[in-house]
1. Listed residues A445, A450; which is within 21 Å of L224 (Cβ to Cβ), out of contact with any Leu (no Cβ under 6 Å at 6 or more places or on another chain), open to solvent by 50 Å² or more (accessible area, probe 1.4 Å) and among the small types (G, A, S)?
2. Being over 11 Å from M470 (Cα atoms), at pLDDT below 85 and open to solvent by less than 100 Å² (accessible area, probe 1.4 Å) is the filter here; which residues of the range 199-211 pass it?
3. Could you say which residue among E557, E510 is charged (D, E, K, R) and in contact with a helix residue (DSSP H, G or I) (Cβ under 7 Å, 6 or more places away or on another chain)?
4. Going through S579, S548, S542 one at a time, which residue ends up being over 17 Å from F158 (Cα atoms), of a type outside the set (D, E, K, R) and in contact (Cβ under 8 Å) with a residue 12 or more places away in the chain?
5. Would you check if V504 is hydrophobic (A, V, I, L, M, F, W, C), outside any helix (DSSP H, G or I) and either more than 30 Å from L541 (Cα to Cα) or open to solvent by less than 70 Å² (accessible area, probe 1.4 Å) (or both)?
6. Going by what's in this entry, would R498 be described as outside any loop (DSSP other than H, G, I, E, B), touching a residue at least 40 places away in the same chain (Cβ under 8 Å) and not hydrophobic (A, V, I, L, M, F, W, C)?
7. Name every residue in the range 180-195 that is in a helix (DSSP H, G or I), open to solvent by less than 70 Å² (accessible area, probe 1.4 Å) and touching a residue at least 12 places away in the same chain (Cβ under 8 Å), in order of residue number.
Amino acid sequence: MINRRKMKEIRINRVKTCNFMNGNIDIEMKNDHMCISGANATGKTTLISAITYGFDNKNIENRKDFEIKVLDEDGNVVQGLDHTVELELTVDDVPITLKKNYSETWKKKPGTNEKQFGSNNTEYFINGVSTTMTDYQAFINTLVPENLFRILITPSGFNELHWTERRSILLEGFGNVTDGEIITLNPALSVVPEILQGSTIEETLPVLRKKFNLTQKEQKKTNLLLGEAKHKIPEELFEALGEAEMKEKLHSVIEQIATTRQKLETLVHNNHREHLRTTKNRAQDQVDALERKIKQLVHQQNELENRMMRLRNKWEVKNEEIISYTEIATCPLCDQSIPEPDRKTARERAMKRFQEEKQQTLTAISKEGKELNLQLVKVKDELVHLAEEQAAFAQTFKKLEEELSTLITANTQEEAQLRDKLTALDTREADLRQKLAYSLLAEQARTRVAELQEVLQQLEADCQALESQMMALEEFNRVKMQLLQDRVNQHFSLSRFRLFKQLVSGEMVECCDTLYKGVPYGSNLNHGHRVQVGMDIINGLSRRFGISLPLLVDNRESVDQLPPTNAQVISLCVSRKDSVLRPEFDTSIQPLPEEGYNNTFIPMEYEAIPPVVHQVQPQTPPSGPDF
């Protein structure tokens, strides 16, 4: 039997399933190590999935969305079945039974006798008493906390966690290093608490690095500024003239510039020239206005002449118009002949009416033509008057333009001379000012050089101080990391944990790599060593947290030896000759010695027991829902 340590020990006595993942299993384990052998598809994975499902509703692969129901050969769900998992456990030798029943609910379709699927339902039982899902999960958490279950039940559980979770568990369980211990090992690190001032190394070190980088950048910048300042000191400060004489010359030049600017201003803003330009512009406006008026009158004259020509044509056409008369000899009403006297009277009356209307039209046309002729005479008279006025303004404009051109030519020559003189004076002023500024620049440059040298010395001192502080924190962190790593590793026999690694830059960063004889767990370690390392991790975690769970080992045939453990081990082996599951007691697993062990294993031995303690006949699925 298993040598049991004083901790909460959970063991499995019996596993029963019905219609769970296409399988029906009933295996009695008697709280001991078991080796379950069978060919593929005989139910090994179903067995260990049933165990994990009984605890946390997930299969062995840590998935909730796995298929619990029975499937037919086409992969379709067989409806109307109950799916049951029952685990008989002992917790510190106290028997406990956990049971889950996963079933379907069917509802009658309104208005018909046909029933349709409603939902899936899970029933929970503890020691045969029905309970709620919440109470069931709360009870499981009293047996084993949810965050520990997966890392204690399979050898791969711990290493499947993210490295930050693995690291947190190890440091919480085993790593506790005080600052005093580190300072005792290296008294030179006693300055670290003063550097940290209540903060952590993780908070302080990045701040110091940033300050150091900024200080180095400022140091480089100051060096560049110092070089520039040294080059700004002029070699020749004065010419032959003394400073007083140069100032007197500068004053004289400034007065000449002011006088020249005043003359140029007066010349540029010449009132007589501006008056001539304004008068010329007004004359031009008058000429343009008269020209526009003349164009309008010429257009009006053409319109009047055209209208008069149309009226003459109209009068001539009307004057040449003759009457067109058709005589009626028979009365259209009585169909009798009209007497000759009556016909003559009608002709005379029609002729008289035609002549009267023609004369009226000719008179109206003549009247309109006379009116247009009067307008035409008036327009022609106005045109003559405007032409005379335009000629007068044009003569005035020409005279003003000639006078203005003469004045502008004279002013332009004088303005050019003044501007040339002003340019020469400005150049002379700039030259004198530059020479006078040399002495001031030299003094300013010397002062700036002294200031920059002082700043540079302070920056160098700051860099040295920051570098010293960073080195102290990094050394403190390195010692702490090594102590933490050693303290964690002393709780394990096979596995080693690398909790920190050094980058190419020299910076130490956190990590959590599992190693076996220097080989990383996640890269080149074979399956057998992964199982051994995983069991070693479980042994250490079980001792730390005081909980021992059944340990599920898959593909046991690829592991020649299992390390000692106090946990119940349930191993699964692939065996082609076994068409049904064949359970055997495993006597090869040794208990943990009181002081650990030294990697010496005893070869695997098995104690044969009957293949199946309780044979359960598979439940025949109905052809459809039982309604």
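The values are calculated or read from the model by the stated rules, or taken from the named source; none is laboratory data. Here the structure is a predicted model, which means the values were calculated and not measured. Here Cβ is always computed from backbone atoms with ideal geometry, including for glycine, and neighbour counts include all displayed protein chains. All accessible areas refer to the heavy atoms of the entire protein, side chains included, with ligands and DNA or RNA removed. Shrake-Rupley method; radii C 1.70, N 1.55, O 1.52, S 1.80 Å.
1. A450
2. Result: T200, single match.
3. Working: E557 fails: in contact with a helix residue (DSSP H, G or I) (Cβ under 7 Å, 6 or more places away or on another chain).
That would be E510, the only listed residue that is charged (D, E, K, R) and in contact with a helix residue (DSSP H, G or I) (Cβ under 7 Å, 6 or more places away or on another chain).
4. Checking each option against the conditions leaves just S579.
5. Yes; evaluated as a whole, the condition is true for this residue.
6. On the way: outside any loop (DSSP other than H, G, I, E, B): yes; touching a residue at least 40 places away in the same chain (Cβ under 8 Å): no; not hydrophobic (A, V, I, L, M, F, W, C): yes.
No: the conditions fail for R498.
7. Correct list: E181, I182, L189, V191, V192, P193, I195.
Yes/no per residue for (1) of a type in the set (S, T, N, Q); (2) open to solvent by 30 Å² or more (accessible area, probe 1.4 Å); (3) within 30 Å of F497 (Cα to Cα):
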site: T105; (1), (2), (3): yes, yes, no
site: T132; (1), (2), (3): yes, yes, no
site: N147; (1), (2), (3): yes, yes, yes
site: E172; (1), (2), (3): no, yes, yes
site: N176; (1), (2), (3): yes, yes, yes
